[in-house]
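Encoded as structure tokens, the structure appears first; notes follow it.
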Amino acid sequence: MEEFFENELVSKFEKMLENNEEIYFETEELEDIIIFYLEMGDVAYADMATNHGLKIHPNSIELKVKKFEVLLEFGDYVQAKKLMEELHDSSMDTIDYLVCCAKYYSSLGNPRRAIEFCEKALATEEEENFLHNFMADEYVNLEDPFNALKHYKLALQFDPQDEYSLENVMFCFNLLNRNDEAIEFLNGYLDQYAFSETAWYEYGQFYFNRKNYQEAIRGFDYLLAINSQSVGVYANKASCYEAMGEWQQAISVYEEMLELEYTQSFTYYKIGLCYKESKQPVLALNAFQKSLRDDPQFYLSMMEQSYIYEEMGGMKEALHFAKEAVSLNENNLDYQKRLAFLYIDSGKYEESLECLKKLVDYEPQRFYNWYAYSELLMLIGDYEEAIQLLKSAVKMHNRAELYYQLSNCYFHLNNQKEGRNVLSVALGLDPHLLEDMQLKYPFIKDEAAKVKAKKK
């Protein structure tokens with residue numbers, strides 16, 4: 001915002017608009033105003049400045065090119081194309097025009113034409129870093145990492161400390177599976193730019209992805225020596241120790257993070273997970289509680305407490321914290337599933353049915369949601385409701401398990417005819433399940449023999 005108030009030309013232009021005046025600006029001044037607005041992301045004001053400029057200087061090629069750029073920002077490709085064609089003969093040696101043409105074709109999904117205009121723009125010997133990055137991005141769109149790598153490297157030559165180019169050089173090496181070249185390149189870069197935070201981050205990530213965690217830690221330590229306030233790097237370093245199962249070391253790193261973070265809930269959550277993995281449930285609970293003191297809405301810590309209490313035999317507490325977690329994140333279907341089974345374990349079947357219904361409603365494509373729901377309906381003796389549910393279920397999932405369940409419901413309601421018909425379908429789909437189903441549903445044992453005899 002400070003930049004805005006210090007820009008006298010912009011202030012003058014906006015005062016003109018406020019007072020509904022007509023003030024003369026030189027072409028160069030208008031270009032500066034338009035560039036300012038485009039850099040600020042204010043395309044509407046950039047357009048107003050462009051239109052005002054073209055009223056004063058209707059034949060200005062420079063302002064027409066800026067209008068071309070504004071049209072592209074608006075996504076008005078029809079008008080942009082008309083202006084592109086109008087400017088073609090007069091502007092083919094102008095970098096701004098050529099870049100706009102490249103952007104036009106890129107936006108329309110024609111990366112090869114975009115690259116052609118970038119190559120023409122390179123002849124101006126201006127903005128080489130930008131142009132090579134642009135071309136590289138288009139080669140990525142063409143799924144051509146080889147040429148993308150070439151141009152990201154060239155971009156880096158024109159601006160050796162361009163973080164975007166460096167990150168993407170490593171990205172392309174990874175796509176090409178050229179690991180030896182990647183680390184050789186990175187080591188060479190670090191020899192020249194030993195204080196590059198991006199390079200040391202890439203170094204750490206390179207070795208982390210290859211499970212060389214000790215070397216990854218070395219890279220992250222170098223980065224922290226350069227910038228000790230980099231919270232994300234502490235997290236990456238801790239992840240290395242977690243991957244090696246060195247939980248106490250990971251905890252120590254997270255504790256360092258606590259001194260830097262404004263929001264500590266996630267860090268305490270991670271500390272809790274480390275204590276949980278190292279079989280220290282009391283300390284884990286303590287960490288999760290600290291997480292919730294920092295952020296009472298942090299449902300991840302809430303649910304983790306539920307898991308720990310369940311392991312410790314505290315089913316009442318496990319259910320309580322699971323309910324709290326679900327109330328904070330109702331759309332999490334895994335949480336709904338967990339709560340459903342905790343209700344079942346606690347003998348609260350009606351409450352469990354509500355959760356299972358949500359699972360069926362939100363994820364009807366998952367067979368086991370239907371299976372669990374119908375199983376619970378049968379458990380509480382609501383066979384008629386189970387039949388209606390299973391009739392819907394078999395329309396989506398032609399699974400033997402569902403037909404075995406459906407036959408059991410009919411037998412319980414003394415509807416042997418329908419029960420045998422459905423059982424016959426189940427046996428046809430998967431006769432090998434019969435032994436297990438007989439153990440779950442005793443009615444099926446005798447009825448299955450009758451169905452088989454009838455088929456013979």
Output wanted: per-residue J couplings in Hz (rounded whole) for region 151-163, from phi through Karplus 6.51 cos²θ - 1.76 cosθ + 1.60, θ = phi - 60°, x for Gly and Pro. 7, 4, 5, 5, 4, 5, 5, 7, 9, x, 10, 6, 4
Which label marks the calculated value of Rg/Rh (Cα atoms, Kirkwood Rh), given the options (i) 0.93; (ii) 1.15; (iii) 1.11? (ii)
Chymotrypsin sites (Phe, Trp or Tyr not before Pro) within region 194-249: DSSP coil, no more than 13 neighbouring Cβ in 10 Å: Phe195
Size of charge dipole - the chain - debye, nearest 20, with Cβ of Lys, Arg +1 and Asp, Glu -1, no other charges: 4280 debye
Plugging the Cβ-Cβ distance of Met92 and Asn7 into 1/(1 + (r/R0)^6) at R0 = 30 Å yields, to the nearest 0.05, a FRET efficiency of 0.40
Measuring from label point to label point, each 7 Å out along Cα→Cβ, what is the Leu413 to Ile35 span in nm? 7.9 nm
Would you order His320, His432 from fewest to most other beta-carbon atoms within 10 Å of each residue's own beta-carbon? His432, His320
Using the beta-carbon distance between Tyr368 and Gln438 and R0 = 25 Å, what value does 1/(1 + (r/R0)^6) give for FRET efficiency, to the nearest 0.05? 0.75
So Phe158 and Asp191, fully extended at 0.36 nm per residue minus their Cα-Cα distance, gain in nm 10.1 nm
Net length gained if the chain between Met244 and Tyr24 were fully extended (0.36 nm per residue, minus Cα distance): 72.4 nm
Net lengthening on full extension, Asp180/Lys279 (0.36 nm per residue, minus Cα-Cα): 31.7 nm
Tell me the label-point distance for the pair Lys15, Met312, using the 7 Å Cα-to-Cβ offset, in nm and rounded to one decimal. 6.9 nm
Test item: Cα-centred dipole of region 262-363, Lys/Arg +1 and Asp/Glu -1 on Cβ, debye: 280 debye
List the pairs from Lys237/Lys358; Lys55/Lys82; Lys15/Lys81; Lys357/Lys440 whose alpha-carbon separation is above 30 Å, in the order I gave them. Lys237/Lys358; Lys15/Lys81
What is the fewest-to-most order of Glu138, Glu259, Glu354, Glu128 by other Cβ atoms lying within 10 Å of their Cβ? Glu259, Glu354, Glu128, Glu138
Which FRET efficiency value, to the nearest 0.05, is calculated for Gln79 and Asn59 with the Förster distance at 22 angstrom and r the Cβ-Cβ distance? 0.75
Rounded to whole angstrom, the alpha-carbon centroid of region 1-73 lies from that of region 336-394 at a distance of 63 Å
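We did not get these values from a lab; they are worked out from the coordinates using the rules stated. Here the structure is a predicted model, which is why all the values come from computation and not from measurement. All Cβ positions, even for glycine, are placed from backbone atoms using ideal geometry, and neighbour counts span all protein chains on display.
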